[in-house]
Amino acid sequence: MVESPLEILDWVVATLAGDQDAFAQLVLAYQDDVYNLCYRMLGDRIEAEDASQESFLRAYRNLGSFNRERSFKTWLLSIASHHCIDRLRRRRISFISLEDEPSAGSLALASDEPSPEQAAIAHETSEEFQQLLAQLPEDYRLVVILRYWYDYSYREIAELQGESVSAVKSKLFRARRRLAEVHPDASRKEAPKQRARSPEERLSIPEEGD
């Protein structure tokens, strides 16, 4: 059951008044969203669990700064995403190239047909695709996750990251191009047949601008 914005706001207000049970309700409502974001960003389940707990702790400590006109989920995911980026930067992942930053694809410049590279991405399983995501710099990885796992619009991603819509589109374009470049067998694979699409498959399909 999806909680209503008013119910979420009631829990926020109650938490600020000292009701610990109300914050527990917020955790229950969003723990899957936060964990999934952390896992996609960090690629490690144990670290994702730790990052999720830290994200909720930071949200609790900073709840007084929450703008009640904003989406609580967007605010919470913003906290989680910044925490994950901090972790990744501290970790200094060896496969990130600062000179070759990727950021996502043929979203604005796509043709009607998926390219061989995009079609190849659609064949990856979730775990295989996670390995591809891990090759993106952290901020580029984040916009891909928010767009294709959370169905956030360009405008919502821009709000979450505190940047312009054009910057988000640029990142997505470069990320998709990078994902195509690191897939060596792309030109030899065919596009998948139509069915319910996973986030991985949706990433390989041209889309209309928001």
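The values are calculated or read from the model by the stated rules, or taken from the named source; none is laboratory data. Source: prediction; values computed, not measured. Cβ placement follows ideal geometry from the backbone for every residue including glycine, while neighbour counts extend to all protein chains displayed.
Filtering segment 21-72 to residues that are of a type in the set (Lys, Arg) and either closer than 23 Å to Arg147 by Cα or assigned by TED's automatic domain parsing to the domain that holds Glu159 (or both) leaves Arg40, Arg45, Arg70.
So is Gly18 at pLDDT below 95, closer than 15 Å to Ile145 by Cα and part of a loop (DSSP other than H, G, I, E, B) or not? Answer is no for this residue. Criterion applied to Leu98, Leu57 was being farther than 19 Å from Ala158 by Cβ, at pLDDT below 90 and exposed (fewer than 15 other Cβ atoms within 10 Å of the Cβ), and the one residue passing it is Leu98. Looking across segment 161-175, just one residue is polar (S, T, N, Q) and not in a helix (DSSP H, G or I), and that is Ser164. Screening Leu133 against (1) farther than 26 Å from Tyr154 by Cβ; (2) crowded, with 17+ Cβ neighbours inside 10 Å; (3) modelled with pLDDT of 50 or more; (4) not assigned by TED's automatic domain parsing to the domain that holds Asp32 leaves a single unmet condition, (1).
Filter segment 1-38 down to residues that are surrounded by 20 or more Cβ atoms within 10 Å (Cβ to Cβ) and hydroxyl-bearing (Ser, Thr, Tyr) and give me whichever is farthest from the chain's Cα centre (by Cα). Per the stated criteria, the residue is Thr15.
Can you confirm whether Ala51 is small (Gly, Ala, Ser), in a helix (DSSP H, G or I) and over 30 Å from Gln131 (Cα atoms)?
Details: small (Gly, Ala, Ser): yes; in a helix (DSSP H, G or I): yes; over 30 Å from Gln131 (Cα atoms): no.
No.
Restricting attention to segment 163-179, the residues being small (Gly, Ala, Ser) and touching a residue at least 60 places away in the same chain (Cβ under 8 Å) number 2.
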